[in-house]
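The values are calculated or read from the model by the stated rules, or taken from the named source; none is laboratory data. Nothing here was measured: the structure is a model prediction, and the numbers come from that model. Glycine also receives a Cβ, built like all others from the backbone with ideal geometry; neighbour counts cover every protein chain displayed. All accessible areas refer to the heavy atoms of the entire protein, side chains included, with ligands and DNA or RNA removed. Shrake-Rupley method; radii C 1.70, N 1.55, O 1.52, S 1.80 Å.
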Amino acid sequence: MPSIKISRRQALAGSAALASTLAMPGLSRAASRPVLTHGVQSGDMAHDGAVIWARADRESKMLVEWSTTESFANAHQVQALNIGAPTDFTGKLALQGLPSDQDIFYRVAMADLADQNAVSEPVTGHFRTAPGAMRDISFVWSGDTAGQGWGIDESRGGMTTYKTMLGHTPDFMIHSGDTVYADGPIQSEVELKDGTTWKNVTLEQKSKVAETQDEFRKQYLYNMMDANVRAFNAEVPVLYQWDDHEVTNNWYPDEMLISDDRYTEKSVALLAARAARAFHEMTPIRRNPVEPERVYRKVSYGPMLDIFFLDMRSYRGDNGANDQPEGAPFLGAAQLAWLKQELTASKATWKVIASDMPIGMIVYDNWKDKSTFENGANGDGPVLGREMDIAELLSFIKHGKIANTVWLTADVHYTAAHHYSPDRAQFQDFDPFWEFVSGPLHAGTFGPNEYDNTFGVEVKYAKHPTEEMGVNLPPSMGYQFFGKVDIAADTQVMTVRLMDSADQELWSVDLEPSLVQG
């Protein structure tokens, strides 16, 4: 992924060149012009840039220009990028040298490498660079897109939660994982309990579980077939992390799918490698030069906010009883050391830990016998197994006097607000903190989960289906959720709201910051 620093002279000269290219007439261009197949995206923004993404229908030269005005007056062109089959005709550019705290409008076109006079219609997008000084911040978060067989039903408006979130014009979105459901085939029709029929848009590669590289890629392209998703991606930067369904349900690196007849490829390590390539190809995530497919990272958004993205999937040990007194691999030593270092160095008022799984909710690996566990929680009692990593981190935050940590997550397909306190906990060497859960964006709704008392969780609010309603509610039932966070520049108060797809505010809380840290 090229990283491009733009001088003013180069940018102005290049802008004129691209403008003339886009306006150039030609018979070959008119007869067979490239197409941007799935809109544009931006993500992992910084104070001086962001990563932008697009895809063509053929080998092309990706032409990009940006401006601080929607009219593209005084537009700046960046170095073109050749794209082709090795990345499924996708291209990512890391723009740098942009002004901070500024609305940036960008425009992408594709020139056919076999006939560079044939240039696509341009597609425009927008993001705002991170502030260098204090200003109000607003963002949304959620997870779980196109799960449990609930795909794009255009007669019902498609993935409408994206449209609702866009109405809030957030600075950015955190996608908390399960960005796709590679293990969730889409059928053309599903009969609902109310007698109506859910009618999915279909795609050949979504008719079975994903195993090949092409099938993993098409999971993402399927979601971008939805008009709401494309409109959202064009206007709002998305910060992605992954969880399990990008590969297969509840996966761990050494797993073998011996008894799962849906898979001809049994090695989860091989499936995860293909899934990771697709995840990084199809999302505007910034690549780490040392570990190119690393998901955990920090994104800073001005003096009031740092976001720390976790990966609770790639470095874990096997799912099992999760009761080892000596602990069990979860975050991994390198990620845990990185997180401690970055939290210590952070000068931001608020430190959001974007987790792909909740802390105190129990998620079973096998819901039938409830003897094996998928996340860290393993039932009431002392710290055991994967909980060791969480306990070590929470204790480090306390003794390092790292103030104002808030956890955001999704995963469990309902929405909830959790407060953790040592006064209620078996493990007590930590300071109280909040965890907020919201999802699904567009998937089946479940819940509620069981909780354990290891870290003293108290449920302050939750919305989920009743027992009479059953499980795997379709999106048409309205139990689709996202969260909204606002941080006020004058007081630095963080307001967290739990919202539904109809844009109803379900619950909210104002969190006062501690302005003395360290």
* Structure fact -> Going through the range 297-314 in order, the residues found to be over 17 Å from Asn404 (Cβ atoms) and part of a strand (DSSP E or B) are Arg297, Phe309
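Being farther than 19 Å from Val236 by Cα and touching a residue at least 24 places away in the same chain (Cβ under 8 Å) is true for just one of Gly84, Gly91. Which residue is that? Steps first, answer last, please.
Working: Gly91 fails: farther than 19 Å from Val236 by Cα.
The match here is Gly84.
Every residue, every condition in (1) buried (at least 20 other Cβ atoms within 10 Å of the Cβ); (2) of a type in the set (A, V, I, L, M, F, W, C), yes or no:
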| position | (1), (2) |
| --- | --- |
| Thr445 | yes, no |
| Tyr451 | yes, no |
| Glu467 | no, no |
| Pro474 | yes, no |
| Phe482 | yes, yes |
| Val485 | yes, yes |
| Val496 | yes, yes |
| Met499 | yes, yes |
* **Lone unmet requirement of (1) surrounded by 16 or more Cβ atoms within 10 Å (Cβ to Cβ); (2) at pLDDT 95 or above for Val459** => (1)
* Does the range 278-288 contain at least one residue that is in contact (Cβ under 8 Å) with a residue 60 or more places away in the chain, open to solvent by 10 Å² or more (accessible area, probe 1.4 Å) and closer than 21 Å to Asp411 by Cα? -> no
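Can you pull out the residues in the range 27-66 that are among the polar types (S, T, N, Q) and either under 26 Å from the mean Cα position of the chain (by Cα) or surrounded by 22 or more Cβ atoms within 10 Å (Cβ to Cβ) (or both)?
So in the range 27-66, the residues among the polar types (S, T, N, Q) come out as 28, 32, 37, 41-42, 60.
Answer for the range 27-66, where residues must be among the polar types (S, T, N, Q) and either under 26 Å from the mean Cα position of the chain (by Cα) or surrounded by 22 or more Cβ atoms within 10 Å (Cβ to Cβ) (or both): Thr37, Gln41, Ser42, Ser60.
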* Asked: For the subset of the range 430-471 comprising residues that are of a type in the set (S, T, N, Q) and touching a Phe, Trp or Tyr at 6+ places or on another chain (Cβ under 7 Å), which member is nearest to Trp350 (Cα to Cα)?
  -> Ser438
* Can you tell me which residue in the range 69-78 is nearest to the chain's Cα centre (by Cα), limited to those that are open to solvent by 60 Å² or more (accessible area, probe 1.4 Å) and modelled with pLDDT of 95 or more? -> Glu70
* Which ones in the range 436-476 are within 15 Å of His413 (Cα to Cα), outside any loop (DSSP other than H, G, I, E, B) and not hydroxyl-bearing (Ser, Thr, Tyr)? -> Phe436, Val437, His442, Ala462, Lys463, Leu473, Pro475
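Could you check, for the range 336-345, whether at least one of its residues is under 23 Å from Met45 (Cα atoms) and in contact with a helix residue (DSSP H, G or I) (Cβ under 6 Å, 6 or more places away or on another chain)? Break it down into steps so the answer makes sense when it comes.
The first filter runs over the range 336-345 and keeps only residues under 23 Å from Met45 (Cα atoms), leaving 338-345.
Cutting the leftovers down to in contact with a helix residue (DSSP H, G or I) (Cβ under 6 Å, 6 or more places away or on another chain) gives us 340.
Yes, the range 336-345 contains at least one residue that is under 23 Å from Met45 (Cα atoms) and in contact with a helix residue (DSSP H, G or I) (Cβ under 6 Å, 6 or more places away or on another chain).
Do you know which of the residues in the range 115-145 that are in a loop (DSSP other than H, G, I, E, B) and crowded, with 18+ Cβ neighbours inside 10 Å is nearest to the chain's Cα centre (by Cα)?
Taking the range 115-145 and keeping what is in a loop (DSSP other than H, G, I, E, B), we get 115-118, 120-122, 129-136, 143-144.
Checking which are crowded, with 18+ Cβ neighbours inside 10 Å leaves us with 118, 120, 122, 129-131, 143-144.
Numbers: Ala118: 34, Ser120: 29, Pro122: 26, Thr129: 18, Ala130: 18, Pro131: 21, Gly143: 7, Asp144: 9 Å.
Selected residue: Gly143.
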* **the range 340-367, subset of a type in the set (Lys, Arg) and within 23 Å of the chain's Cα centre (by Cα), residue least open to solvent (accessible area, probe 1.4 Å)** => Lys351
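Considering only residues of the range 300-316 that are in contact with a Gly (Cβ under 9 Å, 6 or more places away or on another chain) and over 28 Å from Gly327 (Cβ atoms), which is least open to solvent (accessible area, probe 1.4 Å)?
Of the range 300-316, the ones in contact with a Gly (Cβ under 9 Å, 6 or more places away or on another chain) are 302-303, 311-316.
Filter again for over 28 Å from Gly327 (Cβ atoms), leaving 302-303.
Numbers: Gly302: 18, Pro303: 49 Å².
Result: Gly302.
Residue-wise test of (1) assigned to a loop (DSSP other than H, G, I, E, B); (2) crowded, with 24+ Cβ neighbours inside 10 Å; (3) in contact (Cβ under 8 Å) with a residue 40 or more places away in the chain.
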| position | (1), (2), (3) |
| --- | --- |
| Gly149 | yes, no, yes |
| Gly177 | yes, yes, yes |
| Ile186 | yes, no, yes |
| Phe216 | no, yes, yes |
| Ala231 | no, no, yes |
| His245 | yes, yes, yes |
| Thr248 | yes, no, yes |
